[in-house]
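The structure appears right after this line, and notes come after that.
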Amino acid sequence: QKEVEQDPGPLSVPEGAIVSLNCTYSNSAFQYFMWYRQYSRKGPELLMYTYSSGNKEDGRFTAQVDKSSKYISLFIRDSQPSDSATYLCAIGVDDMRFGAGTRLTVKP
Amino acid sequence: DAGITQSPRHKVTETGTPVTLRCHQTENHRYMYWYRQDPGHGLRLIHYSYGVKDTDKGEVSDGYSVSRSKTEDFLLTLESATSSQTSVYFCAIRGGQGNEQFFGPGTRLTVL
């Protein structure tokens, strides 16, 4: 079993939809949780960073951490075609573990 | 842009040859990381550095070595490249207000 599990998709939604992306993890010791966005042939770009449990909002993006369930989520409101990318969850600090990524397409 | 450059950006080499990839940062960050990215595996940590001459192994370190003789440069060496090391290699630094990592543009390596 991988330490971080993420549904690879692909996920296709119409413009304006609410998108929900999720990961589960196995090691309860992790405290730092991140979401990255990666466009094709580019490096990952940090979207959201959360410490411990709770919600964090930044514009159209909301990151949610439920440590009791070992479940992290990223919600995208009013999705745009420019949101089409692969989204990676990551947990940890130096020995960071990544999910395999979910490919999202937002259709105009 | 976290001031990270990687070189070369693309490389094709043959099995058994040595290869060195360079990561350069301009903002004096202490922590630097090397990852590889492969389909179905996401990003996996190879090695990281927490200061000049201070390095540690990651999840997939076999077949790789690193060196950091200056704060701004972190080198990844494949002593004898194998086809299984064909991948996209990313360098990252730890920066920001917490423990966030920021990534470079990547090096696409093909070992024939």
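Couple of notes before you dig in:
- Residue ID - surrounded by the fewest Cβ atoms within 10 Å (Cβ to Cβ), chosen from residues in the stretch B:51-67 that are more than 10 Å from chain A (Cβ to nearest Cβ) and in a loop (DSSP other than H, G, I, E, B): B:Asp62
- Taking the numbered list (1) modelled with pLDDT under 90; (2) part of a strand (DSSP E or B) in turn, A:Phe75 passes all entries but (1).
- Some residue of the stretch A:49-66 being closer than 21 Å to B:Gly106 by Cβ and in a loop (DSSP other than H, G, I, E, B): no
- Cβ-Cβ contacts under 7 Å between residues 6 or more apart (or on different chains), taken from a first residue in the stretch B:4-33 that is without any contact (Cβ under 8 Å) to a residue 12 or more places away in the chain to a second residue that is part of a loop (DSSP other than H, G, I, E, B) and open to solvent by 70 Å² or more (accessible area, probe 1.4 Å), are absent.
Yes/no per residue for (1) open to solvent by 60 Å² or more (accessible area, probe 1.4 Å); (2) of a type in the set (A, V, I, L, M, F, W, C); (3) within 12 Å of chain B (Cβ to nearest Cβ):
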residue	(1), (2), (3)
A:Gly9	no, no, no
A:Ala17	no, yes, no
A:Ser20	no, no, no
A:Tyr36	no, no, yes
A:Pro44	no, no, yes
A:Asn55	yes, no, no
A:Asp58	yes, no, no
A:Ala63	no, yes, no
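- Scan the stretch A:38-61 for residues that are under 14 Å from A:Gly101 (Cβ atoms) and within 15 Å of the chain's Cα centre (by Cα) and the total you get is 5.
- Only a single item in (1) assigned to a strand (DSSP E or B); (2) in contact with a Lys or Arg (Cβ under 9 Å, 6 or more places away or on another chain); (3) facing chain A (nearest Cβ under 9 Å) is not met by B:Leu109, and it is number (3).
- Residues that are under 17 Å from A:Gly43 (Cα atoms), open to solvent by less than 70 Å² (accessible area, probe 1.4 Å) and more than 9 Å from every other protein chain (Cβ to nearest Cβ) within the stretch B:5-27 comprise B:Ser7, B:Pro8, B:Leu21, B:Cys23, B:His24, B:Gln25, listed in sequence order.
- Qualifying residue in the stretch B:28-48 (condition: of a type in the set (Phe, Trp, Tyr), more than 10 Å from every other protein chain (Cβ to nearest Cβ) and within 17 Å of A:Asp95 (Cα to Cα)): yes
- Where strands (runs of 3 or more DSSP E) sit wholly within the stretch B:1-50, those with at least 2 residues that are within 16 Å of B:Phe102 (Cα to Cα), at pLDDT 95 or above and among the hydrophobic types (A, V, I, L, M, F, W, C) occupy B:32-38.
- Count - residues of the stretch A:1-37 that are among the polar types (S, T, N, Q) and either outside any loop (DSSP other than H, G, I, E, B) or in contact with a Pro (Cβ under 6 Å, 6 or more places away or on another chain) (or both): 5
- Scanning the stretch A:65-83 for residues that are surrounded by 18 or more Cβ atoms within 10 Å (Cβ to Cβ) and polar (S, T, N, Q) yields one hit, A:Ser79.
- Scanning the stretch B:36-50 for residues that are open to solvent by less than 20 Å² (accessible area, probe 1.4 Å) and small (Gly, Ala, Ser) turns up B:Gly42, B:Ser49.
- Looking only at the stretch B:68-96, residues that are surrounded by 20 or more Cβ atoms within 10 Å (Cβ to Cβ) and hydroxyl-bearing (Ser, Thr, Tyr) come to 2 in all.
The values are calculated or read from the model by the stated rules, or taken from the named source; none is laboratory data. In this text, all values refer to a predicted model and were calculated from it rather than measured experimentally. Note that each Cβ is placed from the backbone with ideal geometry, even for glycine, and that neighbours are counted across all protein chains shown. Accessible surface is based on the protein model in full, side chains and every heavy atom, while ligands, DNA and RNA are left aside. Shrake-Rupley method; radii C 1.70, N 1.55, O 1.52, S 1.80 Å.
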